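The values are calculated or read from the model by the stated rules, or taken from the named source; none is laboratory data. Only a predicted model underlies this, so the values are computations on that prediction, with no experimental measurement involved. Every residue, glycine among them, receives a Cβ derived from its backbone with ideal geometry; neighbour counts consider all protein chains shown.
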């Protein structure tokens, strides 16, 4: 990052915590300081380098203190106090918190009670570019290096460049969040922001993973017949086992598009024609999987069913058009991205004639409903 030498945000304590004892001491020190109004957090994971996604780094900041907590070095007992520690704070600032929340749920079955997201706040200010690097450049005139964005965060030791990248993800976040919130108060949009952040937290935390029985239904599966789906399922299970054995993410072994292509070949009675770069032992096990698929009785093929639950929406197109026109007019007046007020999916549900009043109740947040007014009513 440029400008570090004269940047007051660099005049802070920085520490790397990799033992339970150091973590306990740090927690006691911060709690005893009474500086518990706000903190900022970010995380790094290794989903691009390993079979199973795992939390590899937690970046933490309060005014005057920056810390990198190494969850791979701490014991389970040491790491267990992290959630208790963060729950001391009134506010937790994060940026683009959706993925971080999923990591917290996966690791701790927990997420901070109040998360204020600077990305959401920037959108409420009408920002067209709301990535953290852009906001830091615009607000503080600093340029953040993105070179470590896709680094392998499970490797140790971390390079100086990676450590700098990690610290900088939280270095400015509390101050940036405070500035954004103050501007939202001036615009009368703070309640919109708070309600949206709360909904985003709940949505990310309670978003269920795709059931294991359906994980093989990758993009493009709907074009296949039950016979093709049978081959796709066996190919997916073959790839999954190879990736588990190699401790490698699926996209680094064989793409979803290749699985769909091979399943299509098999559906049409052709050979799967695996990519030439697969090693002979992988191909040998692939052919075993194909043979197992061919032995399955057609009565046991996967169902060719419509994705999703419940009946197809009966959309009143005239009503949908009225809602969209009102949304676009309000968004233009407020200089907001239209989808922030209502997504296409939510507008379709509002215009559906076959949803009950109870099912329609939670489609919009309070502030969205107030902005759109009576046009959302049947």
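Data table
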| read-out | value |
| --- | --- |
| Test: residue 122 is without any contact (Cβ under 8 Å) to a residue 24 or more places away in the chain and either over 30 Å from residue 76 (Cα atoms) or out of contact with any strand residue (DSSP E or B) (no Cβ under 9 Å at 6 or more places or on another chain) (or both) | no |
| Answer from 312, 285, 307 - the residue that is in contact with a helix residue (DSSP H, G or I) (Cβ under 8 Å, 6 or more places away or on another chain), outside the structural domain of residue 371 (by TED's automatic domain parsing) and at pLDDT below 95 | 307 |
| Residues located in the range 350-378, provided they are assigned to a helix (DSSP H, G or I) and in contact with a strand residue (DSSP E or B) (Cβ under 9 Å, 6 or more places away or on another chain) | 359, 360 |
| The lone exception for residue 142 - which of (1) assigned to a helix (DSSP H, G or I); (2) in contact with a helix residue (DSSP H, G or I) (Cβ under 6 Å, 6 or more places away or on another chain) it fails | (1) |
| Restricting the range 236-247 to residues that are surrounded by fewer than 16 Cβ atoms within 10 Å (Cβ to Cβ) and farther than 11 Å from residue 289 by Cβ, the residue that is modelled with the lowest pLDDT | 247 |
| Of residues in the range 356-378 being under 16 Å from residue 316 (Cβ atoms) and over 29 Å from the mean Cα position of the chain (by Cα), the one surrounded by the most Cβ atoms within 10 Å (Cβ to Cβ) | 376 |
| Residue 158 out of contact with any helix residue (DSSP H, G or I) (no Cβ under 6 Å at 6 or more places or on another chain) and within 13 Å of residue 120 (Cβ to Cβ) | no |
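Here is a yes/no grid of residues against (1) within 30 Å of residue 341 (Cα to Cα); (2) in the same structural domain as residue 168 (by TED's automatic domain parsing); (3) in contact with a strand residue (DSSP E or B) (Cβ under 8 Å, 6 or more places away or on another chain); (4) not in a helix (DSSP H, G or I):
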{"site": "16", "(1), (2), (3), (4)": "no, yes, yes, yes"}
{"site": "24", "(1), (2), (3), (4)": "no, yes, no, no"}
{"site": "32", "(1), (2), (3), (4)": "no, yes, no, no"}
{"site": "44", "(1), (2), (3), (4)": "no, yes, yes, yes"}
{"site": "56", "(1), (2), (3), (4)": "no, yes, yes, yes"}
{"site": "60", "(1), (2), (3), (4)": "no, yes, yes, yes"}
{"site": "84", "(1), (2), (3), (4)": "no, yes, no, no"}
{"site": "112", "(1), (2), (3), (4)": "yes, yes, yes, yes"}
